[in-house]
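These notes concern the structure reproduced below.
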Amino acid sequence: MPTPLDAIRTDTTIDPYKIGNLLFDPGYRETRIRIASILSNDRIFEKSLRPHLNHRQLLHLSLRIFKRLLELRDAHGWSELEFTLACRLQDESLPTSLHDIAFVPVIVSQGTQEQQAYWLPRCKRYEVVGCYAQTELAHGSNVQKLETAARFDVTSGEFVISSPRLESTKWWIGGLGVMANHTVVQAMLYLPLPGNPLEYKSYGPHLFIVPVRSLETHEPLPGITIGDIGPKAYGGFGTVDNGYLQFRDVRIPRENMLMRHAQVTLTGEYVRPAHDKFSYGSMVALRAGIPVNLGWSLARAVTIALRYCIHRRQFAATPDGPEQPVITYASVKHRLYPLLATSYAYIIAGRELWAMYQKMLLEVIQRGNMESLAEMHSLSTALKVKSSTDCVKGLEEARKCMGGHGYSHMSGIGPLFANATASQTYEGLFQAPPRHDPSLLHPTILT
């Protein structure tokens, strides 16, 4: 006997597969089905028990999941794309997510060829697991006022990383609380004045690779205070170990400063980049990826709500008549149909934004062409704010359309909302750009 959903689908002339061609790359759906079939045979990927786990248990589970995914990757010879898809099918970020989408890309875009040759192979085999440490307790969007300091010691040829006060503590750093053994740190560069090594001059924020845990024992290294900040609002990102980090005169080699553009010589001289905005090209990466991800979150929530409203019947048109599907009520259509269209809009616009970012980054890295950077900052900021506002609001509306059942964790919308609502905060609260550089918009990296 056909289900109500079957009946609805029979009545339409729309070919859902052709619609899917707007949203998916060729071969994506077939690859997804194949990988999902492999994962479905392994109990560690079972999702029904996750709501009953606390934060510590979720972190432990996510580590086991990632370990198993690596084993399956090697056993099946998955490509990088296939492995990424397998990770996405977990419906939650993993402790290594920021390693792959923040730590490694920053080394690629900001590191020299020698630095990339040294670090990237170690990153690929997860010997080095990293994160991106920018946000501090007292500063986030205002990168120019970060307090973590990197002072160059000409005598030893090392940078000394320090957190001057409690408010300088790196905070909200994804992947840091438990997993990472290295981090890329945004710190203020200080170099000694010529002829007066006891006096220092600030050269603004720069990027440094800093080891934070032992590769042998995983214990914090000397001078490092590190840990997990605990559960987040609404239980969101329960599988991500957002952490805190303080430095007490931590010494790193000069070579650990990412020097693709700006350099510090052995004698402590500063070599300016050809363009002072080079370092910002890679910083918009996470922000540029937000709209498409939010579009997909909204699409999932609306799909859940629409299917529920097709099956759910309530109230009859006549006293003795059958109850009507909730989807037939004009008020429900008025609430859900525009949200369905909105999800398509942000998926398509988000994909275009990401393609623009990739093109811009290639121009910056290969040719030093900065012409499209200002436009990329503006577009990514505007679309990030608009998409996060609209999609989070839409997720809540989809939940309410399901009545009491929508409030159950098992509906699937609650976890989507818990993760998506943070997008209204991370990657930047819009602020006035610094006076000396009016074309830049600085993001808050809560990663």
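The values are calculated or read from the model by the stated rules, or taken from the named source; none is laboratory data. All of these numbers come straight from a predicted model, not from anything done at the bench. We place every Cβ from the backbone using ideal geometry, glycine too, and count neighbours over all the protein chains shown. For accessibility, only protein heavy atoms count, side chains too; no ligands or nucleic acids. Shrake-Rupley method; radii C 1.70, N 1.55, O 1.52, S 1.80 Å.
Name the one entry in ALA341, ALA355 that is under 27 Å from ALA418 (Cα atoms) and in a helix (DSSP H, G or I). Exactly one of ALA341, ALA355 is under 27 Å from ALA418 (Cα atoms) and in a helix (DSSP H, G or I), namely ALA341.
A quick yes/no check of all residues on (1) open to solvent by 80 Å² or more (accessible area, probe 1.4 Å); (2) touching a residue at least 60 places away in the same chain (Cβ under 8 Å):
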site: VAL271; (1), (2): no, no
site: LEU294; (1), (2): no, yes
site: ARG300; (1), (2): yes, yes
site: THR303; (1), (2): no, no
site: CYS309; (1), (2): no, yes
site: ALA317; (1), (2): yes, no
site: PRO325; (1), (2): no, yes
site: ALA330; (1), (2): no, no
site: LEU361; (1), (2): no, yes
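Would a scan of the range 382-392 turn up a residue that is open to solvent by less than 40 Å² (accessible area, probe 1.4 Å), of a type in the set (D, E, K, R) and part of a helix (DSSP H, G or I)? Checked the range 382-392: at least one residue is open to solvent by less than 40 Å² (accessible area, probe 1.4 Å), of a type in the set (D, E, K, R) and part of a helix (DSSP H, G or I). Scanning the range 43-59 for residues that are open to solvent by 90 Å² or more (accessible area, probe 1.4 Å) and either among the polar types (S, T, N, Q) or closer than 24 Å to GLU127 by Cα (or both) returns a single hit, ARG56. In the set GLY223, GLY243, GLY235, only one residue is over 17 Å from GLN110 (Cα atoms) and crowded, with 20+ Cβ neighbours inside 10 Å; that residue is GLY243. Contact map, the range 340-353: first residue closer than 16 Å to THR303 by Cβ and open to solvent by less than 20 Å² (accessible area, probe 1.4 Å), second residue of a type in the set (Gly, Ala, Ser) and in a helix (DSSP H, G or I), Cβ cut-off under 9 Å, separation 6 or more or different chains; pairs are SER343/GLY295; SER343/SER297; SER343/ALA299; SER343/ALA301; SER343/GLY394; ILE347/GLY295; ILE347/ALA299. For LEU72, the requirement of being part of a helix (DSSP H, G or I) and either open to solvent by 40 Å² or more (accessible area, probe 1.4 Å) or in contact (Cβ under 8 Å) with a residue 40 or more places away in the chain (or both) is not met. The single residue among SER40, SER62 that is small (Gly, Ala, Ser), open to solvent by less than 30 Å² (accessible area, probe 1.4 Å), at pLDDT 90 or above and not assigned by the TED database to the domain that holds VAL178 turns out to be SER62. Against the condition under 19 Å from ASP100 (Cα atoms), assigned to a strand (DSSP E or B) and open to solvent by 10 Å² or more (accessible area, probe 1.4 Å), how does LEU198 come out, does it pass? Spelling it out, it is not the case that LEU198 is under 19 Å from ASP100 (Cα atoms), assigned to a strand (DSSP E or B) and open to solvent by 10 Å² or more (accessible area, probe 1.4 Å).
For the range 146-170, a tally of residues being open to solvent by 10 Å² or more (accessible area, probe 1.4 Å), under 15 Å from ILE224 (Cβ atoms) and assigned to a strand (DSSP E or B) returns 2. Checking each residue in the range 171-195 for being part of a strand (DSSP E or B) and closer than 28 Å to VAL128 by Cα picks out TRP171, TRP172, ILE173, HIS182, THR183, VAL184, VAL185, GLN186, ALA187, MET188, LEU189, TYR190. For the range 119-141, filtering for residues that are in a helix (DSSP H, G or I) and either basic (Lys, Arg) or surrounded by 16 or more Cβ atoms within 10 Å (Cβ to Cβ) (or both) leaves 4.
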